[in-house]
Amino acid sequence: MKNKTEELLHWADEKEVISSNKPLLLVFSLMRKLPDYIIFVLIYPIAFFFYIFSRRGRIESKNYQKQMKKFTGGKIPLKISPFRQILSFSLCVMEKMEGWLGNYHYDELVTHDDDLKPLQLQLEKGKGALFIGSHLGNIELLRSLSSFGENGVNKKISVTTIMELGATEQFNRTLKEVNPNVDFQVIDPAKIGVNTIVELQEQIEHGGLVVVTGDRTSARARSRVIREKFLGKDADFPYGVFILALLLKAPTYYVFGLRTKTASLRPKYHVFVEKSKINFESSHSKRDEKIRALCREFVDKLEKYCVQFPYQWYNFYNFWKLEDAAN
């Protein structure tokens, strides 16, 4: 029977798996010294270990896949397989590290006839944007590519990421130790105020990118949510992410980086870029209406790519747990 305490646990209450960055430093060291195929082989026992000992990861990936199957009328995924999802996540972590070591390149991306080209032209002209990503796939890899100037644009683009620092403290610290020159600008959402908004607006005006994820509710304002149907079932999304887009009034894009194959060595990544169609210019009385429309637009995109890449969802917690006080 499912552990109810674990089921109701907010994602931000889970501690990082490791309390020291020494294991991560060891992994980075091995990745620099060992051939890719050996690292790839080692990922399988690591994923199996996680599968066996992470009861929550096992259960929640299964629940997500069951909800997906219900949403698609039994079509997707073809097989309920928590291990495939956990293996995909393990490979994703390895590829994040490869990205920050500078081992991935722009020509390893598969682009599409979407809004990527218009975005690149916009960046060439010195006009930035807001990216709304998710924990579907590997947006971190795209961010690391940009830090090395691998973005399909003939100039380096400044990138600022808004993320809960407590959840990634060890990983971020390790990145700085491994590559002190890496362009890694991060803002904790708890520190965002009026001055921060102005600074972010200026960064975008000068051609920079601001990146945020829209599929995890805030660690501090947990009841400040927007409730939308996701894969056919009510779920909570972070109000702060979508009001930020409205405050910045910047061109807003939904961005996804997804492996071409769930389990393979050195796969190419699909990059999908779709621009928001919401007009942010409106009266204050319609602000909430615009925020909710933006959230619904994001959820539609998220569902679309979840269906196409069902094993690349890396939110290993009860996503459909509803807060007591929805906005």
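The values are calculated or read from the model by the stated rules, or taken from the named source; none is laboratory data. Note that the structure is predicted; figures quoted are calculated from it, not measured. No Cβ is skipped: glycine too gets one built from the backbone with ideal geometry, and neighbour counts run over all protein chains shown. Each accessible area value is taken on the protein alone, full model and side chains, heavy atoms only, with ligands, DNA and RNA left out. Shrake-Rupley method; radii C 1.70, N 1.55, O 1.52, S 1.80 Å.
Annotation: extensible slack from LEU247 through ALA190 equals 18.9 nm (criterion: 0.36 nm per residue apart, minus Cα-Cα distance). Between the C-alpha center of segment 273-319 and that of segment 56-86 there is a gap of 21 Å. Here's the picture: charge each Lys and Arg Cβ at +1 and each Asp and Glu Cβ at -1 in segment 178-288, and of ASN279, GLN201, ALA219 the one pushed furthest to the positive end of that dipole is ALA219.
Scalar couplings 3J(HN,Hα) for segment 64-70, obtained by applying the Karplus form with A = 6.51, B = -1.76, C = 1.60 to θ = phi - 60°, are 4, 5, 5, 5, 4, 5, 5 Hz; x denotes Gly and Pro.
Here the spin labels are modelled as points 7 Å beyond Cα on the Cα-Cβ line, and at LYS286 and GLU228 they lie 1.9 nm apart.
Per-residue 3J(HN,Hα) values for segment 206-215, derived from phi via the Karplus relation 6.51 cos²θ - 1.76 cosθ + 1.60 with θ = phi - 60°, read 8, x, x, 10, 10, 10, 8, 9, x, 10 Hz in sequence order (x marks Gly and Pro). With all protein chains in place and a 1.4 Å probe, the accessible surface of the chain carries 56 percent carbon and sulfur.
Rg over Rh for the chain works out to 0.94, using Cα positions for both radii and the Kirkwood form for Rh.
What the Cα atoms of segment 98-155 give is an Rg and a Dmax of 11.7, 30 Å. Simple rule: put +1 on each Lys or Arg Cβ and -1 on each Asp or Glu Cβ in the chain, find the dipole, and look at LEU87, MET97, GLN122; the Cα lying farthest toward the positive end is LEU87. Rounded to the nearest 20, the size of the Cβ-charge dipole of the chain about its Cα centre is 960 debye, with Lys and Arg at +1 and Asp and Glu at -1. Evaluated with a Cβ-only charge set (Lys, Arg +1; Asp, Glu -1), segment 260-301 carries a dipole of roughly 240 debye about its Cα centre, given to the nearest 20.
The residues of the chain present an accessible area of 48 Å² per residue when probed at 1.4 Å with all protein chains retained.
As a quick test, which of the pairs LYS117/LYS304; LYS191/LYS229; LYS62/LYS261; LYS66/LYS290; LYS33/LYS268; LYS117/LYS268 have an alpha carbon distance above 24 angstrom in this structure? As for pairs spanning more than 24 Å Cα to Cα, those are LYS191/LYS229; LYS66/LYS290. About the centre of its Cα atoms, segment 43-131 shows a dipole size close to 860 debye [charges on the beta carbon of Lys, Arg (+1) and Asp, Glu (-1) only; nearest 20 debye].
Taking a ≥ b ≥ c as the square roots of the Cα gyration tensor eigenvalues, segment 133-175 comes out prolate, since a/c reaches at least 1.5 and a/b is larger than b/c.
What the Cα convex hull of segment 77-185 gives, in volume per residue, is 135 Å³.
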